[in-house]
Amino acid sequence: MAIKRGVSLYSYQQSQFFKKMDWKDQVREVREGLGADGVEIIDEATIRDYPFPSDQFVYEWHNYLARYRCKAITMDVYLDTMQWRDHVMNHEEAAERLKFDIMIAAKLGFRNVRCLCAVPIDVIEMALPTAEKYDVRIGKEIHAPFPIKRYPEGVTREGMGGFPINDRMCEEIMALADKYHTKYVGLVPDFGIFQHSASQPRIDWQKRHCKYPEAIDFIVQNKLNYSVPEMIRLLQEKYPDEEWHARGWTGIQVEGLMQHESSAQPEDLREIVPYIVSMHGKFYQMTEIPGEPGHYEDKAIDYANPIRVLNQEGFEGYIDSEYEGQRDQQDRGIEFLSDEVEEVRRHHEMLQRLFDTMK
Amino acid sequence: MFDNYLIRKDSLENVEENGKITGFKFAVRIADYRGCFLSLHNGYYITVDGTEYPRELQRFEINGKAPRTFEELKTATLEHWNYDDEAYVYVKKDGGLAPGLHKVGLQQSILSQYGYAKHDEEWVKNPPVPGSGDGAGKTFVVCYYDLELQK
């Protein structure tokens, strides 16, 4: 037994957008192009007429997975708190949405649903009986900038949504699983938590949209020399004209470009391996390793060390590729769009090589 | 994301109703990697040749139904805009646009979320005004398109 390779069809979002590949072509690529069998989807991207897929869709879904001998691993589900517009969805309603998504996942043969970091633990607890009844595990994603282990005493960080990051998220999930002695709740770590620097496609996008591209180089080259507020102050002094960047100099942009630490450490994985439902293999750009023709790496994300830990701990689940670098290359002509199929193929070369060698 | 591709280049047309030109329309895609419940759609920041056309002048055509205002869409809580689908944005402007090239600026405002956020209660009472970046999906900037009026 070993770690298994899968693909989140999220990776082919651009091909789908331009109608170059529909989900059937994507499933075929997983089997025939990659020799893999794990399929993950975004519910609202792949399921026609979500949340009420037709019987025909369900029939074809099962048929295509059977035709290409693929397995439905994880379905990614969301929490839109503004859905009703006349009030903020309460936790009971959020649990109802999660339960309904679990039922859709079951109908499509998925083993797991991935829910978001920001889903409150009581919402998951309310949906747990439904997960058990339908034999679908709930996996809470560990998405950057969330950590695996809690921060040292006194340290706080702000995350998406404007709330402080709940650095006990993983502890809460493990405690819930232990409380009910159940495997139906667990974690979906995303390799984005091992990203240690800004991706090249992101840096290049920023340069194309900046009046002074050299400022972007300056930020990246000096990320260890200044704090984020210091850097912003420096930039404002150096480039006082306000119109010089499409989005203004918000902290987020500078902070992203200055990234030099990952939000989790590979060793942190050891204690959560028994709770891992499946994993997201986030990546931005696969480039050939110098001196190793045919071998690829993502320069912004550590894969080797986490995979070594996963091998040592006996992880046997799926890592589903999640290509995201296309997004930063869609501001130019068609000829500059990235090749998603090739990127994912390179990612799988790397995954299999690391599975086999990082012991 | 999809910066250059959110509006179909050959889709800008004037709209005729009851023999009168009442505005213009163009075809759009969602600036995200997933579709959304229509109730979450909060309208667009739209400029044409530097003139802004606020949400109140806009309607949205999708799923084979007649164009709806964004107030009407608020109640479409279980109807989905599929990721794959093109929609039309209608903009009210007596007499429509003049023939020739126009510079159209666009930013969507779709209140899709990744769970609870601090602004939730405020957004129920006062939804953000499109163009602020709120709801812009994965396309943070206002995108500009040079479009030729088709008819």
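A few notes on this one:
- With a 10 Å cut-off around each Cβ of A:42-52, the average count of Cβ atoms from other chains is 5.
- Amide H contacts under 5 Å for residue B:60: B:68, B:69, B:90, restricted to partners 5 or more places along the chain or on a different chain, H placed in the peptide plane at 1.01 Å from N.
- Fraction of antiparallel bridges per DSSP, segment A:189-331 only, in percent to nearest 5: 40 percent
- Solvent exposure of segment B:3-151 as accessible area per residue, Å², 1.4 Å probe: 42 Å²
- Calculated over chain B: convex hull of Cα atoms, volume per residue (Å³): 112 Å³
- Overall Cα dimensions of segment A:78-189, principal axis frame, Å, largest first: 44, 38, 21
- Charge tally for residue B:151 (other residues, Cβ to Cβ under 10 Å; Lys, Arg +1; Asp, Glu -1): -2.
- Helix-derived mean residue ellipticity, 222 nm - over chain A, DSSP H n ≥ 4, -39500 (n - 2.57), to 500: -11000 deg cm²/dmol
- Near residue B:2, the amide H atoms lying under 5 Å from its own belong to A:330; only residues 5 or more places off or on other chains count, and H is placed 1.01 Å from N.
- Percent of C-alpha pairs per 10 Å bin in segment A:1-127, short distances first: 12, 41, 31, 14, 2, 0.
- Heavy atoms of residue A:190: accessible area, 1.4 Å probe, square angstrom to 10: 0 Å²
- Other-chain or far-sequence residues with amide H under 5 Å of residue A:320's (modelled H): A:6, A:279, A:280, A:281
- Counting only Cβ charges, +1 for Lys and Arg and -1 for Asp and Glu, the dipole size of segment A:1-47 around its Cα centre is about 160 debye.
- Stretchable slack from residue A:103 to residue A:55, in nm (0.36 nm times residue separation minus alpha-carbon distance): 15.9 nm
- Per-bin percent of Cα-Cα distances, the protein assembly as shown [10 Å]: 4, 18, 28, 28, 16, 5, 1, 0
- Filtered trypsin sites (Lys or Arg not before Pro), segment A:59-164: DSSP coil and at most 14 other beta carbons within 10 Å: A:69, A:150, A:157
- Euclidean distance of C-alpha centroids, segment B:50-118 and segment A:35-89, integer Å: 25 Å
- DSSP-defined beta bridges in segment A:73-182 - what % are antiparallel, rounded to 5: 10 percent
- Dipole-positive endmost among A:309, A:68, A:134 within chain A (Cβ charges, Cα centre): A:68
The values are calculated or read from the model by the stated rules, or taken from the named source; none is laboratory data. Since the model is a prediction, treat every value here as computed from it, not as a measurement. Neighbour counts are summed over all protein chains in view; Cβ atoms, including those assigned to glycine, are modelled from backbone coordinates with ideal geometry. Just the protein is used for accessible areas: all its heavy atoms, side chains included, with ligands, DNA and RNA removed. Shrake-Rupley method; radii C 1.70, N 1.55, O 1.52, S 1.80 Å.
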